[in-house]
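Scroll down for the structure; my scribbles are underneath it.
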């Protein structure tokens, strides 16, 4: 896999690197970007084989919220069929392994995780990057992680876990910090198998009977924003874990979106934050939230529609100014030094610089902020 294949002729200052499930975790955790969710009942093999969505680099086939409980057995068989189809195409030389996105399965519960894991043929394991664990909390965390460790040992392969923090124990303030610390204690015990921590903005919203509108970001919903900030506080200290941003619920795939070449070449962040129209309210809202995701320390975003892929992954590209500052910070022993637009404090800015350097590898380096529009592709 390689990001931005939807725009193969784009000229990067530094192009993104290739990656797959065997890429070192220290980099791979930054490569997830737009992770697209879909029901486990959907036969997605042909879309992968035909490269229907060239911007798709990671995907989750869901047995939980996107799948009725009575449909889980059908979804399990379908997912096994998808894996087998991909394996046959690779062995037959009709599909390159490097063109298969990172594939995860969002299980429904610990018991369903164990049940599905037993069904997996060993020859399918190389096509699986890992599993998403919904409603991950201090009660079920150890059971999920213990079985993941056991599965890795039995398969002789790396299979990652991505816990989803989204239940009421974290939503409610009186139990939140104790719960988050307990969850982190379990994850720290098997940190090498945790690829990413995910959050459920929709589930948190449900706890308070709210839903962000198309003209708001998740940060405008104060009860939910408060939850997200505490998750970041606990899990992103010293770059311990990457935490992905919550899903953006709105999409509008229209002709205007396809005419990106006609869009004005603007300073994207300034234009978005001033709420000047760029594409449409659904896409502009997504990009506005992405700006705030990055500012607050989220890395990547849950995605529910292919029209979001280019924007989420595109906005993760690093500008040359950011790259130059990060490079300078990483390669300077200490003190304060003049950067591209301000002063770089070597010690305090080191964690930021490390994240920027990883992003630059995963998503490439572009000339400046005005280039994002070009990178999104026509």
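The values are calculated or read from the model by the stated rules, or taken from the named source; none is laboratory data. A quick note: this is a predicted structure, and the numbers were derived from the prediction, not measured. Every residue, glycine among them, receives a Cβ derived from its backbone with ideal geometry; neighbour counts consider all protein chains shown.
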| task | Could you check residue 177 against (1) modelled with pLDDT under 95; (2) loosely packed, with under 14 Cβ neighbours inside 10 Å; (3) not in a loop (DSSP other than H, G, I, E, B) and say which number it fails? | result | (1)
| Taking segment 205-228 only, how many residues are assigned to a helix (DSSP H, G or I), within 16 Å of residue 295 (Cβ to Cβ) and out of contact with any strand residue (DSSP E or B) (no Cβ under 9 Å at 6 or more places or on another chain)? | 3
| request: Read through the list (1) in contact with a helix residue (DSSP H, G or I) (Cβ under 7 Å, 6 or more places away or on another chain); (2) at pLDDT 95 or above; (3) surrounded by 19 or more Cβ atoms within 10 Å (Cβ to Cβ), then give the number of the only condition that residue 248 fails. | output: (2)
| message | For segment 296-313: of the residues being surrounded by fewer than 21 Cβ atoms within 10 Å (Cβ to Cβ) and modelled with pLDDT under 95, which is nearest to residue 54 (Cα to Cα)? | response | 306
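Would you check if there is a residue in segment 284-297 being in a loop (DSSP other than H, G, I, E, B) and in contact (Cβ under 8 Å) with a residue 60 or more places away in the chain?
yes
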| Across segment 348-376, which residue is surrounded by the most Cβ atoms within 10 Å (Cβ to Cβ) among those that are out of contact with any helix residue (DSSP H, G or I) (no Cβ under 8 Å at 6 or more places or on another chain) and not in a helix (DSSP H, G or I)? | 364
| field | For residue 324: the one exception among (1) touching a helix residue (DSSP H, G or I) at 6+ places or on another chain (Cβ under 6 Å); (2) at pLDDT 95 or above; (3) more than 28 Å from residue 195 (Cβ to Cβ) | value | (1)
| remark: Note on residue 344: of the conditions (1) over 23 Å from residue 238 (Cα atoms); (2) outside any loop (DSSP other than H, G, I, E, B), unmet is (1)
| request: For segment 144-167, enumerate the residues that are within 30 Å of residue 223 (Cα to Cα), touching a helix residue (DSSP H, G or I) at 6+ places or on another chain (Cβ under 8 Å) and at pLDDT 95 or above. | output: 144, 145, 161, 163, 165, 166
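Residue-wise test of (1) in contact (Cβ under 8 Å) with a residue 24 or more places away in the chain; (2) more than 21 Å from residue 15 (Cα to Cα).
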residue	(1), (2)
306	yes, yes
330	yes, no
337	no, yes
342	no, yes
365	yes, no
372	yes, no
| query | In segment 70-89, is there at least one residue being within 19 Å of residue 162 (Cβ to Cβ), out of contact with any helix residue (DSSP H, G or I) (no Cβ under 9 Å at 6 or more places or on another chain) and buried (at least 16 other Cβ atoms within 10 Å of the Cβ)? | reply | yes
| request: Could you grab me the full set of residues in segment 104-119 that are buried (at least 19 other Cβ atoms within 10 Å of the Cβ) and assigned to a loop (DSSP other than H, G, I, E, B)? | output: 107, 108
| request: Exactly one condition in (1) in contact with a helix residue (DSSP H, G or I) (Cβ under 9 Å, 6 or more places away or on another chain); (2) assigned to a helix (DSSP H, G or I) is not met by residue 302; state its number. | output: (2)
| message | I'd like the residue in segment 133-170 that is without any contact (Cβ under 8 Å) to a residue 12 or more places away in the chain and outside any loop (DSSP other than H, G, I, E, B) and, out of all such residues, is surrounded by the fewest Cβ atoms within 10 Å (Cβ to Cβ). | response | 153
